[in-house]
Amino acid sequence: MVPFPPNIEHLVDALYPPARQALALEVANTARRLFWLGAALQLAIFAALYFSGATTWLRARVEHLIQKERPATTFSRLLTAAVVIAIVLLASAILMLPLTWYDSFTLMHRYDLSRETPANWLHDWAVGLALGALIAAVLGALFFELIHRFERAWPAIAAVLAIPIVLASAVILPVFIEPLFNTYTPLPPSPLTKSILDLEQQHGVHASSVYVFDLSKQETSANAFVSGIGYVERIALSDTLLKTFKPDEVLYITAHELGHYVHGDLWRGALYEWLGALVMIAFLYIVAGAIVKRTTPRSRGLSDPAVAPLLFGLLLLFGLAAEPVGNALSRQIEHNADVFAAANTHLGTAGVRAFARLGSQGLSTLHPDPLVVWYFYTHPPLDERIDYAAARAGLTGGRSPDAQ
């Protein structure tokens, strides 16, 4: 916990009242319980699908239907794998739907964090599921074919192929996927727009890189982010940010996002993602291979799409284990962007006010437990960010701005 000097505490409490700070603790505790419950339920579903022999039966049925029309070929293997993977993911998502609904719709409305209609929520859920199942089916089918053709060398080949996959996902996401959920338009002309463009030009960023998106259709809180790589890289500001924050606060937040752009953080993130993929591939090769050998009645080997739920379960376990490492790297990247914002804006209390307002709108815990930060937080905790912004603005009586 970072204690605030009286002047900062007074300012923060004015924008983020203690009553809402207490409510944020309640929300965070509920969210963590649901996170672990969801992870356990998802693992149980994948385990049941594999160890019960359900996907062995499913693969046999799909294989029979496909090969009844055409002999066994590379295409039929790919199609069989794609269909099995898609069905597994669809079945899992439907079984998880009650918990997903409660977590991301019921609770969001209970705490006035969303005013999204049930129809819009179900639309976004269905679109996300369809896209996820399609991408997983295509990549998963190619993965199984890779193992089929290169039983021993597939990890090395997969490590190389992961590079264009990671880079393509960083480019495709903003161009094709984000507009399916929100509408993105160029930042309209205004004095604030001019201030943002002036700040961009100081760092060689093109004006076309800043967009506004209609987050208000899903959430009541504000957000901003950088996405894409190269010519599709852009800063995105939510309409809720522009409507509910003061211009100097928006400029401070935009400077943070500009820091990501200038630092090349998306390239750095892609590198970290690829390094994580290398570890994941090794994990699957060793652990999944060992389990498949001990459960031979359930599959023909690691190249059999019947092992899809086993692989999904192991990927989930890997993600849970790797969460602290990935989040620690992310927190450092985000702190560097905070440093950039503080160094390149001279807006007095704007940074403190912006972070306090973000915390109040999104019900973020002001003083989270260090263990919770270590495991869950992708950004520095709110109190550290406020303290840093205050120190760099000279509002904390000489406290070192780099004490974090």
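If you place +1 on the Cβ of every Lys and Arg and -1 on the Cβ of every Asp and Glu, how big does the dipole about the Cα centre of segment 28-178 come out, in debye to the nearest 20?
In debye, rounded to 20, segment 28-178 gives about 380.
Which value, in debye to the nearest 20, describes the size of the charge dipole of segment 179-283 about its Cα centre when Lys and Arg Cβ atoms bear +1, Asp and Glu Cβ atoms bear -1, and nothing else is charged?
That gives a dipole near 100 debye.
Given 0.36 nm per residue, what is the gain on full extension from Arg61 to Leu41 after removing their alpha carbon distance, in nm?
Net length gain for the segment: 4.6 nm.
Would you please give the FRET efficiency between Thr183 and Ile94, computed as 1/(1 + (r/R0)^6) with r the Cβ-Cβ distance and R0 = 30 Å, to the nearest 0.05?
Result of the calculation: an efficiency of 0.55.
With the chain treated as a Gaussian network of Cα nodes joined by springs under 10 Å, which of Leu215, Leu242, Leu97 yields the largest mean-square fluctuation?
Leu97
Is there a quick way to get the dipole size of the chain? I mean about its Cα centre, with the Cβ of Lys and Arg at +1 and of Asp and Glu at -1; what is the value in debye to the nearest 20?
1360
Give a residue-ordered list of calculated ³J(HN,Hα) values for segment 127-135 (Karplus: 6.51 cos²θ - 1.76 cosθ + 1.60, θ = phi - 60°; whole Hz; x for Gly, Pro).
Result, ordered by residue: 5, x, 5, 4, 5, x, 5, 5, 5 Hz.
What is the mean projected area of the alpha carbon convex hull for segment 71-115, to one decimal in square nanometres?
Averaged projected hull area, Cα only: 4.2 nm².
Which residues' amide hydrogens lie under 5 Å from the amide hydrogen of Ser227, considering only partners 5 or more residues apart or on another chain, with H built in the peptide plane?
Correct list: Arg234, Ala236.
Based on the Cβ-Cβ distance of Gln332 and Ala130, what FRET efficiency does E = 1/(1 + (r/R0)^6) give at R0 = 41 Å, to the nearest 0.05?
0.70
How would Met108, Met96, Met1 line up by accessible area, probe 1.4 Å, largest first?
Met1, Met108, Met96
Segment 258-315: percent of C-alpha pairs farther apart than 17 Å?
It works out to 50 percent of all Cα pairs.
Give me the net charge of Val175's neighbourhood, meaning all other residues with Cβ under 13 Å from the Cβ of Val175; Lys, Arg count +1, Asp, Glu -1.
Taking every other residue near Val175 into account, the sum is -1.
Report the label-to-label distance for Lys194 and Thr378 in nanometres (one decimal), using points 7 Å from each Cα along the Cα→Cβ vector.
It works out to 3.5 nm between the two label points.
Just the accessible area per residue of the chain, please: how many Å² with a 1.4 Å probe?
Roughly 48 Å² per residue, with all protein chains present.
Would you mind checking segment 29-71 for residues with the amide N under 13 Å from a putative spin-label position 7 Å along Cα→C-beta of Arg110?
Within reach of a label on Arg110, which here means backbone N under 13 Å from a point 7 Å along Cα→Cβ, segment 29-71 contributes 29-35.
Given the Cα-Cα distance of Asp13 and Ser169 and 0.36 nm per residue of separation, how much length would full extension add, in nm?
52.1 nm
Note the angle between two axes, namely the Cα long axis of helix 265-283 and the longest principal axis of the Cα atoms of the chain, as a number of degrees from 0 to 90, rounded to the nearest 10.
The angle comes out near 30 degrees.
Give, in whole angstrom and from largest to smallest, the semi-axes √(5λ) of the equivalent ellipsoid of the chain, with λ running over the eigenvalues of the Cα gyration tensor.
Gyration-tensor ellipsoid for the chain: 43, 23, 21 Å.
What is the Cα coordinate range of segment 278-363 on the first, second and third principal axes, sorted by size from largest, in whole angstrom?
So the extents along the principal axes, rounded to whole Å, are 67, 26, 17.
For the chain, what is the calculated [θ] at 222 nm in deg cm²/dmol (nearest 500), taking -39500 (n - 2.57) for each run of four or more DSSP H residues and dividing by its residue count?
Rounded to the nearest 500, the figure is -22500 deg cm²/dmol.
To the nearest 0.05, what FRET efficiency results for Asn29 and Val232 with a Förster distance of 35 Å applied to their C-beta separation?
That gives a FRET efficiency of 0.35.
Using a Gaussian network model of the chain with C-alpha springs under 10 Å, which one of Trp121, Trp36, Trp274 is most mobile by mean-square fluctuation?
For the chain, modelled as a Gaussian network with Cα springs under 10 Å, the answer is Trp36.
With N residues in segment 7-73, what two-decimal value do you get for its Cα radius of gyration over 2.2 N^0.38 Å?
2.34
Using only the alpha-carbon atoms, how far is helix 350-362 inclined from the longest principal axis of the chain? Give it as 0 to 90 degrees, nearest 10.
50
For the charge dipole of the chain, defined by +1 on Lys and Arg C-beta atoms and -1 on Asp and Glu C-beta atoms about the Cα centroid, which residue among Phe245, Leu131, Ala153 has the Cα displaced farthest towards the positive pole?
Of Phe245, Leu131, Ala153, it is Ala153.
Would you kindly give the portion of the calculated P(r) for segment 129-179 that falls above 12 Å, as a percent of all Cα pairs?
Percent of Cα pairs beyond 12 Å in segment 129-179: 70.
Just the number, please: Stokes-Einstein D of segment 192-257 in µm²/s, Kirkwood Rh from C-alpha pairs, 4 °C, 1.567 mPa s.
Answer, rounded: 107 µm²/s.
Quick one: Karplus J couplings for segment 10-24, per residue in order, coefficients 6.51, -1.76, 1.60, θ = phi - 60°, nearest Hz, x for Gly and Pro?
Using θ = phi - 60°, the values come out as 5, 5, 5, 5, 5, 9, 10, x, x, 4, 6, 4, 5, 5, 4 Hz.
Which whole number of Å³ per residue matches the convex hull of the alpha-carbon atoms in segment 94-140?
74
On a 0 to 90° scale, report how tilted helix 54-69 is relative to the longest principal axis of the chain, with both axes built from alpha carbons and the result rounded to the nearest 10.
In the chain, helix 54-69 runs at an angle near 70 degrees to the longest axis.
The values are calculated or read from the model by the stated rules, or taken from the named source; none is laboratory data. Small disclaimer: the values here were computed from a predicted structure and weren't measured. No Cβ is skipped: glycine too gets one built from the backbone with ideal geometry, and neighbour counts run over all protein chains shown. For accessibility, only protein heavy atoms count, side chains too; no ligands or nucleic acids. Shrake-Rupley method; radii C 1.70, N 1.55, O 1.52, S 1.80 Å.
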